[in-house]
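All remarks here apply to the structure that follows.
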Amino acid sequence: MQGKELYSPIALNNEFKRLFKERGWETTRIKVKTFVPEIGVEHKGFREMDAIKNKLGVEVQFGKYAFMVYNVAAKMTIFAKLGYIDSGIEIVPLLSFADDMSTGVSYFEQMKTDLEMRGESNIDIPVLILGIDVRKPSRQAILEK
């Protein structure tokens, strides 16, 4: 999007993490270790949640669509199963905000549609999908100035 000023998803995510930390929320990382018999290799890694406080997990997602779905459909259920959280909040941009970011950014309207089409599962936990935007002046307000 040459010549267009865009919001930085990375900078936005970092600012949310900073603000959560200031308010006593903790980034939580868990180790993952499992043996994969099909290839005879042990997989080691981690899963991390942006912010946890009082058993409420928060993920801020200004990245690719697959990460937004993963956060809600897999990561939050893993953290719940291990007792870290019992509910979650996924913060994502509305489409109007995502349009002012780099390409491929997930947005609220996608997630809402997919969750409605998917339906409920017996492993789901309560998750609020919070769509955010930045206030933009209307075309009329700009013309009146």
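A Cβ distance below 8 Å, combined with a sequence gap of six or more or placement on separate chains, defines the contacts here; from segment 107-131, residues that are part of a helix (DSSP H, G or I) reach residues that are among the aromatic types (Phe, Trp, Tyr) in the pairs GLN110/TYR65.
Residues of segment 68-76 include at least one that is in contact with a Lys or Arg (Cβ under 9 Å, 6 or more places away or on another chain), modelled with pLDDT under 90 and crowded, with 16+ Cβ neighbours inside 10 Å. Just a yes or no: is a residue in segment 49-57 modelled with pLDDT under 95, under 15 Å from the mean Cα position of the chain (by Cα) and either more than 15 Å from ASN13 (Cα to Cα) or not acidic (Asp, Glu) (or both)? No, segment 49-57 contains no residue that is modelled with pLDDT under 95, under 15 Å from the mean Cα position of the chain (by Cα) and either more than 15 Å from ASN13 (Cα to Cα) or not acidic (Asp, Glu) (or both). Give me a count of the residues in segment 84-106 that are within 23 Å of THR27 (Cα to Cα) and out of contact with any Ser or Thr (no Cβ under 7 Å at 6 or more places or on another chain). Summing the residues that are within 23 Å of THR27 (Cα to Cα) and out of contact with any Ser or Thr (no Cβ under 7 Å at 6 or more places or on another chain) in segment 84-106 gives 10.
Taking the stated definitions as given, is GLY45 part of a loop (DSSP other than H, G, I, E, B) and of a type outside the set (S, T, N, Q)? For GLY45, the condition - part of a loop (DSSP other than H, G, I, E, B) and of a type outside the set (S, T, N, Q) - is not met. Against the criterion of being more than 19 Å from TYR7 (Cα to Cα), of a type in the set (Gly, Ala, Ser), touching a residue at least 40 places away in the same chain (Cβ under 8 Å) and surrounded by 22 or more Cβ atoms within 10 Å (Cβ to Cβ), GLY88 qualifies.
The values are calculated or read from the model by the stated rules, or taken from the named source; none is laboratory data. What you are looking at is a predicted structure, and each value in this text was computed from that prediction instead of being measured. So basically every Cβ, Gly included, is an ideal-geometry build from the backbone, and we count neighbours across all protein chains shown.
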